[in-house]
1. Can you tell me the length gained on complete extension of the stretch residue 185 to residue 34, counting 0.36 nm per residue apart and subtracting the Cα distance?
2. Lys and Arg at +1, Asp and Glu at -1: add these up for the other residues within a Cβ distance under 14 Å of residue 63 and post the number.
3. How far apart, in nm, are two points set 7 Å out from the Cα along the Cα-to-Cβ line at residue 169 and at residue 140?
4. Quick one: if you stick a label point 7 Å off each Cα along the C-beta vector at residue 97 and residue 57, how many nm between them?
5. Suppose each label sits 7 Å from its Cα in the direction of the beta carbon; what would the residue 212-residue 153 distance come out to in nanometres?
6. Mean separation of Cα pairs under 8 Å and 6+ residues apart, divided by the residue count of the range 29-188: what relative contact order is that in percent?
Amino acid sequence: MKPEIKDLRAILTAMLIALCSFTSSSTAQYIQLEVQGGIDADEYITVAFRAIFDTNAPPDGVVPGSTITFNAIWAEMVDPSVTARVSPMVVGDEEIYEPATARLLYVETSNRYIVTAFIGGSPPVQFVVRDPIGRFTTDLPSLPPVLSWYDVDPSGPNAVIELQAEFSTTTWTPGDDNGGFIMSVRNVDGPPMPECIADLNNDGVLDFFDVSAYIQLYTNGCP
């Protein structure tokens, strides 16, 4: 017995709702923290890193009443040991991002969270927010997906944002216009997908048209 048209419509509608629900939940599952700026130490150091965290993942370490740690599932940064220069002026050079390791540590005793990023044995870079808006605790089952939690609370008694690198610190406090950095927090779909070199026409699909493009390149003498 064949299903009626209205039954097929109901099935397709249910599938569409399920797909939209999955897409919506997966979009809010990941957050990206990105920091860009500079620190004037003995030399001027460019600081740039971004890290993605899974807000459904459990913590990677907990000391009840003291600290809670979440590791990033993906991170990249500009190596600060490579960018150190005598002047903040950059002429002609493009900063190169490299795979990195990052984590977020919340310290309950001082109500601050610290995002640390580093490459291999290079000195780490730390971004610190004291008195965040969110009610972080060491009892969190996972990182909160609410972006406003990560902002600083201007009414906090110790409200300040710090950028630390190479034993030097740049700070910003609410109401001041100093500070040489910016941090953004946003929802993302997940870690960036690696580039697919077989997708020759860059349409996001591997099909006959990529084969045709390859044959055309080969015919034209492109190795």
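Since every read-out is calculated from the coordinates, none of them should be taken as a lab result. These numbers come from a predicted model, not from an experiment. Every residue, glycine as well, gets a Cβ built from its backbone with ideal geometry; the counts of neighbours run over all protein chains shown.
1. On the way: separation 151, 0.36 × 151 = 54.36 nm, distance 0.66 nm.
Gain on extension, residue 185 to residue 34, equals 53.7 nm.
2. Values: positive: none; negative: 60, 108, 139.
Every neighbour counted, the sum reads -3.
3. Here the modelled spin labels are 2.1 nm apart.
4. With each label point 7 Å from Cα toward Cβ, the separation is 1.7 nm.
5. A separation of 6.1 nm, rounded to one decimal place.
6. Across the range 29-188, relative contact order equals 26 percent.
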